[in-house]
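Written below as C-alpha cells is the structure these notes are about.
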Amino acid sequence: MSTETIFQLHLVLGYVACLLYFRVYFLPKLRSMDRLEAHRVIATLHSFRFFGLVFILPGVVGPNLPASFATFAAYGDLATGLLAMLALFTVRIRRLFWLFVVAFNLVGAVDIILDYYHAIQVGLPAQAGQLGSTYAIPVIYVPALMITHFVAFYWLVRPQSKTSGARLVGDAAAS
C-alpha cells in the first residue's frame, strides 16, 4: 500500500473511531449537562490546540514537511486554543464566554477545513511520513476536534429544549 493510501485510510478510520466513541461515551455525558457546562467541556478539549505549534518545531517533523501546510496549521491551532482558553477564563461573564465559544469554534473549524485544503494542495498524503511524531494529530485528534465543532455549532443554533431545560438538545442529537 502506498503512503498516500495508508494516510487516507487512517484519516477515514480516525473519523469512524471518533464518531463511534463520541456516540457511545462522550455524547451521552454531554447531553446530561446544561448547555454552558457542555460547551466548557468542548472548550477544554480545544484549549490543548496550542500543541499544533509542534508542526513547526524542527526535529519533531521531517525537514521536508511543506512549510505552507505546517505554518498555517500551527498558527491556526494556536489561535483556536487561545480562544478556547479565553472562553474558559470568561465563563462567569456569560456574554464574553458565548462570544469566545462562537469564536473558537468558527476559527477552529475553518482552520481544520483550510488545513485539509492546504494538505491536498501540497500533496501531504503522499508525504505523510514527514509528519513524524505528529502523524497522530491529523488521524486521531483532528477528527475528534472536528466532531466537537460540529456538535458545538449544532447546540449553539438549536434552541434549548423547553421540556428539559438542563438538557442540551433532547433526543434529536443522537440521530
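The values are calculated or read from the model by the stated rules, or taken from the named source; none is laboratory data. These numbers come from a predicted model, not from an experiment. All Cβ positions, even for glycine, are placed from backbone atoms using ideal geometry, and neighbour counts span all protein chains on display. When the accessible area is computed, the model is the full protein with side chains, heavy atoms only, and any ligands, DNA or RNA have been set aside. Shrake-Rupley method; radii C 1.70, N 1.55, O 1.52, S 1.80 Å.
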Check your understanding: From the residues 112, 142, 81, which one has its Cα farthest along the dipole of the chain in the positive direction, the dipole being from +1 and -1 charges on Cβ of Lys/Arg and Asp/Glu about the Cα centre?
Key -> 81
Review point. How large is ³J(HN,Hα), in whole Hz, for each residue of segment 32-43 in order, when computed from phi with the Karplus curve 6.51 cos²θ - 1.76 cosθ + 1.60 and θ = phi - 60°, using x for Gly and Pro?
Key: 7, 9, 6, 4, 5, 5, 5, 5, 5, 4, 5, 4
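Note the full-extension length gain between residue 6 and residue 41 as 0.36 nm times their separation in residues minus their Cα-Cα distance, in nm to one decimal. Walk me through the numbers on the way to the answer.
Numbers: separation 35, 0.36 × 35 = 12.60 nm, distance 3.20 nm.
Here the segment from residue 6 to residue 41 would lengthen by 9.4 nm.
Which loop-located trypsin sites (Lys or Arg not before Pro) does segment 41-121 contain, where loop means any DSSP state but H, G, I, E or B and the Cβ has at most 11 other Cβ atoms within 10 Å? Don't jump to the answer; show the numbers that get you there.
Numbers: sites: 49, 92, 94, 95; in loops: 92.
Those satisfying the criteria are 92.
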Revision key, fill the gap. For segment 12-28, Karplus-derived ³J(HN,Hα) couplings (6.51, -1.76, 1.60; θ = phi - 60°; whole Hz; x for glycine and proline) come out as 4, 5, x, 5, 4, 4, 5, 5, 5, 4, 4, 5, 7, 10, 7, 4, x
Review point. In sequence order, what are the phi-derived ³J(HN,Hα) couplings for segment 118-130 according to the Karplus relation 6.51 cos²θ - 1.76 cosθ + 1.60 with θ = phi - 60°, rounded to whole Hz, with x for glycine and proline?
Key: 4, 4, 5, 4, 9, x, 4, x, 6, 10, 4, x, 5
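Suppose all protein chains stay in the model; what accessible area per residue would a 1.4 Å probe give for the chain, in Å²? All intermediate terms of the calculation are to be shown ahead of the outcome.
Values: 9380 Å² over 175 residues.
Accessible area per residue, the chain: 54 Å².
If I take every Cα pair under 8 Å that is 6 or more residues apart in the chain, average their sequence separation and divide by the length, what percent do I get for the relative contact order?
Working: 210 pairs, mean separation 61.0, N = 175.
Dividing the mean separation by the residue count of the chain yields 35 percent.
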**Study point:** residue 93/residue 154 FRET efficiency (R0 22 Å; Cβ-Cβ; nearest 0.05)
**Key:** 0.35
**Study point:** Protein-only accessible surface order, largest first, of 155, 98 at 1.4 Å
**Key:** 98, 155
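Which percent of the accessible area of segment 1-101 is formed by carbon and sulfur heavy atoms (probe 1.4 angstrom)?
On the way: 4100 of 5830 Å².
Taking all protein chains in place, segment 1-101 shows 70 percent carbon and sulfur surface.
Given only helices, namely DSSP H runs of n ≥ 4 each adding -39500 (n - 2.57), what is the per-residue ellipticity at 222 nm of the chain, to the nearest 500 deg cm²/dmol? Can you show the working numbers first?
Values: 6 runs with 103 residues, N = 175.
Taking each H run of at least 4 residues, the total per residue is -20000 deg cm²/dmol.
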Study note, to complete from the structure: Stretched fully, the stretch from residue 133 through residue 17 gains (0.36 nm per residue minus C-alpha distance, one decimal, in nm) 39.7 nm
